[in-house]
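Have a look at the structure below before the remarks.
Nothing in this text is a laboratory measurement; each read-out follows from the coordinates by a stated rule. Please read all numbers here as calculations on a predicted model, not as lab measurements. All Cβ positions, even for glycine, are placed from backbone atoms using ideal geometry, and neighbour counts span all protein chains on display.
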Amino acid sequence: MKKIKYTPDAADKLREINRAISQEYGADVAKKIVKSITDAIRGLCDYEEKGAEVSKMFNVVTDYRYLFVSKNYVFYRIEDKYIRIINLYHEKEDFMWQLFGVNATPQETIDYWDE
């Protein structure tokens, strides 16, 4: 069975999620949400391919997969010995831009807001 490894960015993001939710909603809510995220990540050890392939969903050449858990996208890569957690992004973040430099905002939206 493969082990889970977090990149420094992913570990920092998980701590940031915990901090932000604790400040906004309290430590108990933060603990519950972070647990749901980490439980889903640990579940990859049982079925590493349960996350969707980014390349098929977003037409980007990459070996990343993702899970959507508690309003967060968890991006990961399956390696020989590890399942590497690349990063986490809240559903409101532009993860396509941050991960791949791809602008996913439709031209229609850009045109509308530039008026």
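Of all the residues in the stretch 33-48, those that are touching a strand residue (DSSP E or B) at 6+ places or on another chain (Cβ under 7 Å) and loosely packed, with under 14 Cβ neighbours inside 10 Å number 3. Of the residues making up the stretch 8-19, those that are surrounded by fewer than 16 Cβ atoms within 10 Å (Cβ to Cβ) and within 13 Å of residue 89 (Cβ to Cβ) number 3. Among residues of the stretch 25-46 that are closer than 18 Å to residue 13 by Cβ, those with a beta-carbon under 7 Å from a residue that is of a type in the set (Lys, Arg) at least six positions away or on a different chain give the pairs 44/50.
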